[in-house]
Amino acid sequence: MTYPNNILHQIAKPARYTGGEWNSIVKDWDKTALRIVLCYPDLYEIGMSNMALPILYDLLNSQPDVLAERVYAPWTDMEAAMRTAGIPLLSLESKHQLKDFDIIGFSLDYELTYTNVLNILDLGQIPVRASERNDSHPIVIAGGSCSLNPEPMSDFIDFFVIGEGEEVLLELVDSFREWKGKAASKKELLRQVAAIPGIYVPSLYQVEYQADGSVKSITPTAAEAKPIIQRRIVTKLPPPVTRPVVPYIEVVHDRGAVEIQRGCARGCRFCQAGIIYRPVRQRPQQEVLQAVGELIANCGYNVVSLVSLSTSDYPHIEELVASLVHHYDNLALSLPSLRIDSFSVRLMESLPSRRKTGLTFAPEAGSERLRRIINKSTPEDEILETAAAAFARGWKSLKLYFMLGLPTETMDDIEEIVQLVAKIRSSGRRTKGGMPQIRVSLSTFIPKPHTPFQWVAQESEQQLSAKHELLKLGLRRKGSRISWQEPEVSLLEAALSRGDRRLGEVIYRAWKLGSTFDAWNERFNYQNWLRAFEQTGLEPSFYAQREHPLDELLPWAHIDAGVTPAFLKREYQRAIEGKETPDCRYESCNACGLERWQPDCQQKLQKLGA
Ligand code: SF4
């Protein structure tokens, strides 16, 4: 089946739906036993920039009897054309309908894509609720960072992969093979996979609630379902993908990418990624060098991004950059997530083909007090020195990220953002004699599950709006450009992040009311969501703006991310006391909980005890 030309002629960017890209893998449908479609629930341009999907695509297609294809969320023009013509959503590779696959695998990285999951299933002519699907329908699975609180999506997903998929995926493939061979029921498969470490089958758990609305108990209802599901972690980074699919249209990150390091031990207390990707694992330099060469040869890229949560923390990063520059002519390197220090500026300076257009740093908070509380304690002097070093070396613009609504934040902290930006600007003027461009990007604090701030209440829309107004006034007067996230969007993100399984009904109703692409400003419809909450008898503020007592059973209490609740509580207490916790790579082990599973951590802890 294909999309007819009259449909493709009506819509923007048909290449989002036609496939056939360089390096895409099209296997013989009839000769392949197990068929999987990987779905990213956002637009093609966003999904094609995601790092996880190519790893899974590569891994699954490396199995001779497995076929993995892709699908992304169709934009509204395509959706309307498809619905009018009664044409289902098709995979990019073989153009098969989603319902023809054995397994549909969603990558869930952002809560505001949840309604797109329902829409993709619906456009695939598959019932969106797991309870309404039978043995003739594909198994629907999900992984990604959102699966660390799987409950809000548990009505729609047959099972979740908790943590890193690289090893567990092959164990699942074995289970699927066995299941297909036996022609057993879906229920039998679900019980079978529930026994695999890292797999969570929500239908095998019962959740009860207290009179006040909080969770009373989460109880397994089958022998195979474990009371606690441990996050899967790979001990060694798997080989990098060096033959990824190359899009024909411009996507968000139009470049090659090599993951040089996974995990971060800096311990910023608001950051979920810093917790759920622990421990830190590095890719050897030689492997990075070879991967970059292969990416250039296989894809023709001349820009490669060295991906890590904290790129300047990669050991000997300057040596790696120098080797890459030496080995590959005309190669431009992109180094995301740099620390705020003069080392980062020198590192950027060492890139040969960089254009001095922009440099990005994330102080997150305006005052030293608040930076200490969030455990991202860069002294103001160092921020100013870094900015001055950047301007002195020719950068004319700087992008700064700040987060609003952080625990204990006051209007004085907000005023300090204005002051800090003003000082950076005047340092640029002194150095260059001209006026540097400062762009300020404001995000909102979201109390994310499995972080030390998971119990904290998010600020109200009114409080956040007042802070936005102060910053808009102060920063614009000083000539900076600013962008921000609307408080209603942050409220929804926080509610979905900390939600329990009753939110499935809210997501369903919001989708029924027409919500999709909620992460897109032009599509976000707050009234739909308020109506969906109201129809369900729930309040978004109960999830987002309520301080959760430390002894409350949280909706994700049965998911063990590796870092223990005891460590998170300790960190929360230290935050309130304004105490910092050092990075365990350079100082002592903080006994975060990973020592239970990781031999390297155990050794470090033992050494300290000795
Ligand atoms: S157990 Fe210790 S060494 Fe390991 S990640 Fe946690 S704090 Fe760091």
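General remarks:
- Shown in residue order for segment 319-336 are the 3J(HN,Hα) couplings computed by the Karplus curve 6.51 cos²θ - 1.76 cosθ + 1.60 at θ = phi - 60°: 5, 4, 4, 4, 5, 5, 4, 5, 6, 10, 5, 6, 8, 9, 10, 10, 10, x Hz (x for Gly and Pro).
- Diffusion coefficient of segment 430-531 by Stokes-Einstein, Kirkwood radius over Cα pairs, 37 °C, 0.692 mPa s: 206 µm²/s.
- For the chain, leaving out every one of the GluC sites (Glu not before Pro) that falls in a DSSP loop and has at most 13 other Cβ atoms within 10 Å, the longest unbroken run is 251-521.
- Size of charge dipole - the chain - debye, nearest 20, with Cβ of Lys, Arg +1 and Asp, Glu -1, no other charges: 1200 debye
- Taking the square roots of five times each eigenvalue of the Cα gyration tensor of the chain, the equivalent ellipsoid has semi-axes of 37, 30, 26 Å, listed largest first.
- In segment 355-412, inverting the average of 1/r over every pair of distinct C-alpha atoms gives 12.4 Å as the Kirkwood radius.
- Rounded to whole Hz, the Karplus (6.51, -1.76, 1.60) HN-Hα couplings of segment 125-140, x for glycine and proline: 6, 10, x, 6, 8, 4, 5, 9, 8, 10, 5, 7, 8, x, 7, 10
- Over segment 110-242, the hull volume per residue, using the convex hull of the C-alpha atoms, is 147 Å³.
- Rounded to 10°, Cα long-axis angle of helix 503-512 versus longest principal axis of the chain: 80 degrees
- For segment 271-312, the share of accessible area belonging to carbon and sulfur comes to 53 percent (1.4 Å probe, ligands and nucleic acids excluded).
- Accessible surface computed residue by residue for the chain, with neighbouring protein chains in place and a 1.4 Å probe, gives 40 Å² per residue.
- Centre separation in Å (Cα based) which lies between segment 399-472 and segment 527-561: 26 Å
- Note: relative contact order over the chain, using C-alpha pairs below 8 Å and six or more positions apart, is 13 percent.
- For segment 335-491, the carbon plus sulfur part of the accessible surface works out to 48%, probe radius 1.4 Å.
- Segment 82-214: relative contact order as a whole-number percent, Cα under 8 Å and 6+ apart: 20 percent
- For Lys236, the accessible area of its heavy atoms, probed at 1.4 Å with every protein chain present, is near 150 square angstrom.
- Entry note, the chain: the mean residue ellipticity at 222 nm calculated from DSSP H runs of n ≥ 4, each adding -39500 (n - 2.57), is -11000 deg cm²/dmol after division by the residues and rounding to the nearest 500.
- Phi-based couplings in Hz for segment 574-585 (Karplus 6.51, -1.76, 1.60; Gly and Pro marked x): 5, 4, 4, 7, x, 9, 8, 10, x, 5, 6, 6
- Dipole magnitude of segment 1-99, debye to nearest 20 (Cβ charges: Lys/Arg +1, Asp/Glu -1, about Cα centre): 200 debye
- Shape summary of segment 10-111, radius of gyration then Dmax from alpha carbon positions: 13.4, 38 Å.
- Mean projection area, nm², convex hull over Cα of segment 337-459: 7.8 nm²
- Between segment 76-154 and segment 566-594, the alpha-carbon center distance in angstrom: 40 Å
- Residue-level accessible surface for Trp179, protein heavy atoms, 1.4 Å, Å²: 30 Å²
- Cα-Cα P(r), segment 476-606, percent of pairs per 10 Å interval: 10, 28, 24, 24, 14, 1
- In this structure the amide hydrogen of Glu259, modeled in the peptide plane, comes within under 5 Å of the amide hydrogens of Val307, none closer than 5 places in sequence on its chain.
- Using alpha-carbon coordinates, inclination of helix 526-536 to the longest axis of the chain, degrees: 50 degrees
- Against the chain, whose longest principal axis is taken from its Cα atoms, helix 380-392 shows a tilt of about 90°.
- Relative contact order, whole percent, for segment 181-257 stands at 25, derived from Cα pairs under 8 Å and 6 or more residues apart.
The values are calculated or read from the model by the stated rules, or taken from the named source; none is laboratory data. Predicted model, so just to flag it, every value in this text is computed and none were measured. Reconstructed Cβ throughout: ideal geometry from the backbone, glycine too, with neighbour counts over all protein chains shown. Accessible surface is based on the protein model in full, side chains and every heavy atom, while ligands, DNA and RNA are left aside. Shrake-Rupley method; radii C 1.70, N 1.55, O 1.52, S 1.80 Å.
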